[in-house]
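> Mind looking over this structure? Questions follow.
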Amino acid sequence: MRRILWFLTAAAMIFINTACSGPGAGGGKKVVLTDAGWDSIRIHNEIVKIISEKAYNMKTEVVTGSTPVTYTALLRGDIDVNLETWTSNIATYKDDLKTGSIVELGINFDDNRQGIYVPRYVIEGDAQRGIKAAAPGLVTVADLKRYPQVFRDEENPGKGRIYGAIPGWIVDNITLKKFNHYRLNENFIYFRPGSEATMYAAFVAAYDRGQPIAGYLWEPTWVTGKYDLVLLKDAPYSTEEDFHAGKTEFPSVPVAVVANKKFIAREPEFTDFLKKYRTSSGYTAEALAYMQNNKADYANVAKYMLKKHPDMLDKWLPADKARMVREYVAK
């Protein structure tokens, strides 16, 4: 994902969801969107697809591939729009904006967070579930050092366990440095889950049983959307050097709506909508949690979100077009 992976993913073959040969193929108005491989971008794609087809009478196509490949396609004009461009994760992004090949239309969301999370009941308890606060003084990452017995490692009962990130992610290296910086290595084990699924499963299992757990997560995810988790505080972000040394909090990453300049010239009215397309990390996490809880596909999640938050349409669209979309999702 995004989350400080930067631009290191190996290039891969592009797979196109629908038979097409690029923007404008087959005639008619069309927008080609980016699918870089994660759930949240697919949900945003479906939301925009509904709006493009029901309010603007535009066809929608999606190009799927790794971040480097789809970003290159966006620069070339083979892709029109990326609704979730994790700008800090792309080394050439600022330079590419300067050349004018792509244009940042706006920010989809920039309130995303990441770091070490614990369930709120660990700090505050949960009377309804009969859970007492196990670490009432836990506020910061550094505070964890006082509570190894709360987050006991099953394989090393004399120490606590903190779940790190996935091996190979740059963020895992930063989190490990943070672990050592706060000298948590003295009474904790740094445990790396092998995959996103394993990471999620650890939090879900602990939460459902009302047990303590501390570990790396990020927002938005369906886990942070479904469960009441607390991001432990860290030293304020200061310099890139201190951040990479694990001494500060993770800065939020602006997730931008970016378009190829040719598309902007070709579809100015639809571009006006894209400039106003702004959500939030919470909105996205809510959509992801709904998908997980209801085993819903991306299209149904998009309809659910548009129906539940009709006020968003008023912010994005002229009144007549907002009405068209409301009528569609109400069916």
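> Does F273 satisfy the condition of being more than 21 Å from the chain's Cα centre (by Cα) and either buried (at least 18 other Cβ atoms within 10 Å of the Cβ) or within 23 Å of I213 (Cα to Cα) (or both)?
Answer is yes for this residue.
> Just give me the residues in the range 235-262 being in contact with a Gly (Cβ under 7 Å, 6 or more places away or on another chain) and surrounded by fewer than 19 Cβ atoms within 10 Å (Cβ to Cβ), in sequence order.
Of everything in the range 235-262, those that are in contact with a Gly (Cβ under 7 Å, 6 or more places away or on another chain) and surrounded by fewer than 19 Cβ atoms within 10 Å (Cβ to Cβ) turn out to be K261, K262.
> Considering only residues that are under 15 Å from A165 (Cα atoms) and surrounded by 15 or more Cβ atoms within 10 Å (Cβ to Cβ), which ones fall in the range 178-190?
Correct list: K178, F179, I189, Y190.
> Can you run down the residue pairs with Cβ atoms below 7 Å, 6 or more apart or on separate chains, where the first is in the range 150-162 and on the phi < 0 side of the Ramachandran plot and not assigned by TED's automatic domain parsing to the domain that holds I174 and the partner is at pLDDT 95 or above and loosely packed, with under 15 Cβ neighbours inside 10 Å?
Short answer, once both residue conditions are applied: none.
> Now for a separate question. Among residues belonging to the range 146-174 that are at pLDDT 95 or above and of a type in the set (V, I, T), point out the one that is surrounded by the fewest Cβ atoms within 10 Å (Cβ to Cβ).
Looking at residues that are at pLDDT 95 or above and of a type in the set (V, I, T), I get V150.
> Take residues that are modelled with pLDDT of 95 or more and tell me which of the helices (runs of 4 or more DSSP H) falling wholly in the range 180-288 contain 1 or more. Break it down stepwise before answering.
Working: elements: 196-209, 222-226, 240-244, 261-266, 268-276.
It comes to 196-209, 240-244, 261-266, 268-276.
> Also: I'm trying to understand the selection: among the residues of the range 100-112, which are surrounded by fewer than 18 Cβ atoms within 10 Å (Cβ to Cβ) and not in a strand (DSSP E or B)?
Within the range 100-112, G100, S101, D110, D111 qualify.
> Can you confirm whether A91 is touching a residue at least 12 places away in the same chain (Cβ under 8 Å), surrounded by fewer than 16 Cβ atoms within 10 Å (Cβ to Cβ), in the same structural domain as V31 (by TED's automatic domain parsing) and of a type in the set (A, V, I, L, M, F, W, C)?
Yes; evaluated as a whole, the condition is true for this residue.
> Taking the range 132-145 as the search range and keeping residues that are outside any helix (DSSP H, G or I) and surrounded by fewer than 17 Cβ atoms within 10 Å (Cβ to Cβ), which one is farthest from the chain's Cα centre (by Cα)?
Step one: of the range 132-145, the residues outside any helix (DSSP H, G or I) are 132-141.
Those left that are additionally surrounded by fewer than 17 Cβ atoms within 10 Å (Cβ to Cβ): 132-133, 136-137, 139-140.
Details: K132: 32, A133: 30, P136: 29, G137: 29, V139: 24, T140: 23 Å.
Looking at residues that are outside any helix (DSSP H, G or I) and surrounded by fewer than 17 Cβ atoms within 10 Å (Cβ to Cβ), I get K132.
> For the range 74-88, give me each residue that is surrounded by 21 or more Cβ atoms within 10 Å (Cβ to Cβ) and either assigned to a helix (DSSP H, G or I) or free of Cβ contacts under 8 Å to residues at least 60 places away in the same chain (or both).
Passing the criteria: only L74.
> With among the aliphatic types (A, V, I, L, M), within 30 Å of F151 (Cβ to Cβ), assigned by TED's automatic domain parsing to the domain that holds G160 and surrounded by fewer than 15 Cβ atoms within 10 Å (Cβ to Cβ) as the only criterion, which of A214, A206, A197, A202 stands out?
Values: A214 fails: surrounded by fewer than 15 Cβ atoms within 10 Å (Cβ to Cβ); A206 fails: surrounded by fewer than 15 Cβ atoms within 10 Å (Cβ to Cβ); A202 fails: surrounded by fewer than 15 Cβ atoms within 10 Å (Cβ to Cβ).
It is A197.
> Follow-up. Do the conditions hold for L97, that is, is it touching a strand residue (DSSP E or B) at 6+ places or on another chain (Cβ under 7 Å), among the hydrophobic types (A, V, I, L, M, F, W, C) and in a strand (DSSP E or B)?
Values: touching a strand residue (DSSP E or B) at 6+ places or on another chain (Cβ under 7 Å): yes; among the hydrophobic types (A, V, I, L, M, F, W, C): yes; in a strand (DSSP E or B): no.
No: the conditions fail for L97.
The values are calculated or read from the model by the stated rules, or taken from the named source; none is laboratory data. Computed from a predicted model, the values in this text were never measured in an experiment. Ideal geometry is used to build each Cβ from the backbone, glycine not excepted, and the neighbour counts take in all protein chains shown.
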